[in-house]
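Scroll down for the structure; my scribbles are underneath it.
The values are calculated or read from the model by the stated rules, or taken from the named source; none is laboratory data. Source: prediction; values computed, not measured. Glycine gets a Cβ as well: all are built from the backbone with ideal geometry, and neighbour counts include every protein chain shown. For the accessible areas, the whole protein counts, side chains as well, though only heavy atoms, and no ligand, DNA or RNA atoms are used. Shrake-Rupley method; radii C 1.70, N 1.55, O 1.52, S 1.80 Å.
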Amino acid sequence: MSYPSPPGPIGIFDSGYGGLTILREIRQRLPQYDYLFLGDNARAPYGTRSFDIVYEFTRQAVDHLFNRGCQLVILACNTASAKALRTIQQHMLPITDPDRRVLGVIRPTVEILGKVSANRHIGLLATPGTVRSHSYRMEIEKIYPGMQITELECPMWVPLVEAGEFDSDGADYFVKKYIDRILAIDPEIDTLILGCTHYPILLPKIRKYTPEHIRILPQGELVADSLADYLRRHPSMEERCTRGGTVRFLTTENPDKFDPLATLFMRHPIHSDRISL
């Protein structure tokens, strides 16, 4: 007979830095739990990699968080959620860790659309990998058949953020360019999904160039609310999440490189430890 592992922190995984915007909102919503963040920054970005490679990298990260005691892991990365989550849930967990859970960021984002879109015309701004996976389209069609979805790749937004150019004139140019482009494809869009966890850093400029009547959906608050609801509905898992109010940061990159940009995302000083996957 197997017994559940002892309680541990909630794991938050991202291929890079963007998942820190998810962690920030989760901690604000659920400050009582312990969290362990892992960024695979040395191998980022995942967006241009194949499904097989994204799955393998994500599996390694999930295994690492499990080995550090996490019973629940959030893939705070749209690419990992799009390309790896389903395989992990359906094929990895039933064999290796049937009592643990791995959740993503796409479904919580899609579920809210029926409440916020008046005309059922949705725009998705995301990385090339997320757009080409059509994971949002498939999830939307599953939950809201007939809802119109327009997907647009924004390949320059993540590099702008990670280069610290999110408040530059160049950022204005590329933010306006992609918003104008998606609204030219479907002028009836009334809701824009920011389908990359880096994009909230660009939110002031995104709001600047988006018509006021259009609802903009960053993912952090949606994922935080969804996690709170999940833990309420699954008390046995909630009991396996330790409550110390702590957070630790792991990176596959040099902390001297990770910490300054992580500090920008988290809005307070960050000190990380380097690990290998």
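For (1) touching a helix residue (DSSP H, G or I) at 6+ places or on another chain (Cβ under 8 Å); (2) modelled with pLDDT of 95 or more, each residue gets a yes or a no:
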{"site": "Lys177", "(1), (2)": "no, yes"}
{"site": "Ile189", "(1), (2)": "yes, yes"}
{"site": "Leu194", "(1), (2)": "yes, yes"}
{"site": "Thr197", "(1), (2)": "yes, no"}
{"site": "Lys205", "(1), (2)": "yes, yes"}
{"site": "Thr242", "(1), (2)": "no, yes"}
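What helices (runs of 4 or more DSSP H) completely inside segment 91-169 contain at least 2 residues that are farther than 30 Å from Glu238 by Cα and open to solvent by less than 30 Å² (accessible area, probe 1.4 Å)? Spell out the reasoning first.
Numbers: elements: 93-96, 106-111, 113-116, 128-133, 135-143, 157-162.
Here the list reads 128-133, 157-162.
Report every pair of residues separated by at least 6 positions or lying on different chains whose Cβ atoms are under 6 Å apart, first residue within segment 131-150 and on the phi < 0 side of the Ramachandran plot, second among the β-branched types (Val, Ile, Thr) and open to solvent by 60 Å² or more (accessible area, probe 1.4 Å).
Thr150/Ile185
Only one of these conditions is not met by Cys70: (1) assigned to a helix (DSSP H, G or I); (2) touching a residue at least 24 places away in the same chain (Cβ under 8 Å). Which number is it?
Unmet condition: (1).
Among the residues of segment 13-46, write down those that are outside any loop (DSSP other than H, G, I, E, B), open to solvent by 30 Å² or more (accessible area, probe 1.4 Å) and of a type in the set (A, V, I, L, M).
If the condition is that a residue be outside any loop (DSSP other than H, G, I, E, B), open to solvent by 30 Å² or more (accessible area, probe 1.4 Å) and of a type in the set (A, V, I, L, M), then Ala42 is the only one that fits.
Looking only at segment 189-227, which residues are part of a helix (DSSP H, G or I), open to solvent by less than 20 Å² (accessible area, probe 1.4 Å) and among the small types (Gly, Ala, Ser)?
Here is the first cut: in segment 189-227, the residues part of a helix (DSSP H, G or I) are 199-209, 220-227.
In the following step, the residues that additionally are open to solvent by less than 20 Å² (accessible area, probe 1.4 Å) were identified as 199, 202, 206, 220, 223-224, 227.
Result: Gly220, Ala224.
Pairs, please: C-beta under 6 Å, at least 6 apart or cross-chain, first residue over 15 Å from Thr21 (Cα atoms) and in segment 241-260, second among the small types (Gly, Ala, Ser) and part of a helix (DSSP H, G or I)?
Filtered contacts from segment 241-260: Thr252/Ala42; Glu253/Ala42.
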